[in-house]
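Novice: Once you've had a glance at the structure underneath, I'll fire off some questions.
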Amino acid sequence: MRALFNGRAKQDYLSDALTLLSGWTREGEQIRRTLRIDDSQHAALTERVKVVADALHLRPEISRQADQTQIRVGHGNSPLTEGEVLLAARIEDAYRAVTTS
């Protein structure tokens, strides 16, 4: 059963969910994660994230610089949503999958 959240309770719920996502930092209305992975892992991660993001109708920003992949989820002008926090959790799942195989 899915609970409905609104107002202050929703923000508390999202804050609690974010504390479970280690490595993610909040910057205003966005959350960010930097991963040290190689080029092949980056490619595999990007493909997995694309599938999940498409299903959630979200567009994370993924960029590659040197040996780091940076991911941003959310928009600078609107509050984080449950879907964006869910996407971050799924990105963590994808990260674990590509670094353990």
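The values are calculated or read from the model by the stated rules, or taken from the named source; none is laboratory data. Given the structure is predicted, the values throughout are model-derived calculations rather than measurements. Glycine gets a Cβ as well: all are built from the backbone with ideal geometry, and neighbour counts include every protein chain shown. Quick note on the areas: whole protein, heavy atoms, side chains included, nothing else; ligands and nucleic acids left out. Shrake-Rupley method; radii C 1.70, N 1.55, O 1.52, S 1.80 Å.
Novice: Looking only at region 49-101, count how many residues are hydrophobic (A, V, I, L, M, F, W, C), closer than 18 Å to Leu14 by Cα and assigned to a strand (DSSP E or B). Spell out how you get there, then give the answer.
Specialist: Taking region 49-101 first, the residues hydrophobic (A, V, I, L, M, F, W, C) are 49, 51-53, 55-56, 58, 62, 66, 71, 73, 80, 85-89, 91, 94, 97-98.
Then drop every residue that is not closer than 18 Å to Leu14 by Cα, which leaves 56, 58, 73, 80, 85-89, 91.
This time we only want the ones that are assigned to a strand (DSSP E or B), so: 73.
Residues in region 49-101 being hydrophobic (A, V, I, L, M, F, W, C), closer than 18 Å to Leu14 by Cα and assigned to a strand (DSSP E or B): 1 in total.
Novice: On to the next question. Tell me, please, whether a residue that is of a type outside the set (D, E, K, R), surrounded by fewer than 12 Cβ atoms within 10 Å (Cβ to Cβ) and modelled with pLDDT of 90 or more can be found in region 71-84. Steps first, please.
Specialist: First, pick out the residues of region 71-84 that are of a type outside the set (D, E, K, R): 71, 73-81, 83.
Those left that are additionally surrounded by fewer than 12 Cβ atoms within 10 Å (Cβ to Cβ): 76-78.
In the following step, the residues that additionally are modelled with pLDDT of 90 or more were identified as none.
No - not one qualifying residue is present in region 71-84.
Novice: Search region 15-35 for residues being in a helix (DSSP H, G or I) and not charged (D, E, K, R), and hand back the single one that is most open to solvent (accessible area, probe 1.4 Å). Before you say what the answer is, go through the steps one by one.
Specialist: Of all residues in region 15-35, those in a helix (DSSP H, G or I) come to 15-19.
Keeping just the survivors that are not charged (D, E, K, R) gives 15, 17-19.
On the way: Ser15: 51, Ala17: 25, Leu18: 27, Thr19: 108 Å².
My answer is Thr19.
Novice: Would you confirm, using the coordinates I've provided, whether His57 is at pLDDT 95 or above and in contact with a strand residue (DSSP E or B) (Cβ under 6 Å, 6 or more places away or on another chain)? Walk me through it before giving the result.
Specialist: Values: at pLDDT 95 or above: yes; in contact with a strand residue (DSSP E or B) (Cβ under 6 Å, 6 or more places away or on another chain): no.
No; evaluated as a whole, the condition is false for this residue.
Novice: Now for a different question. Pick out the one residue from Arg36, Arg96, Arg72, Arg59 that is over 14 Å from the mean Cα position of the chain (by Cα) and among the basic types (Lys, Arg).
Specialist: Working: Arg96 fails: over 14 Å from the mean Cα position of the chain (by Cα); Arg72 fails: over 14 Å from the mean Cα position of the chain (by Cα); Arg59 fails: over 14 Å from the mean Cα position of the chain (by Cα).
Criteria check complete, one pass: Arg36.
Novice: Which pairs turn up if I take residues in region 36-59 that are open to solvent by 100 Å² or more (accessible area, probe 1.4 Å) and look for partners that are modelled with pLDDT under 95 and outside any helix (DSSP H, G or I) with beta carbon separation below 9 Å, at least 6 apart in sequence or on another chain?
Specialist: Hits for this filter: Arg36/Asp67; Asp39/Asp67.
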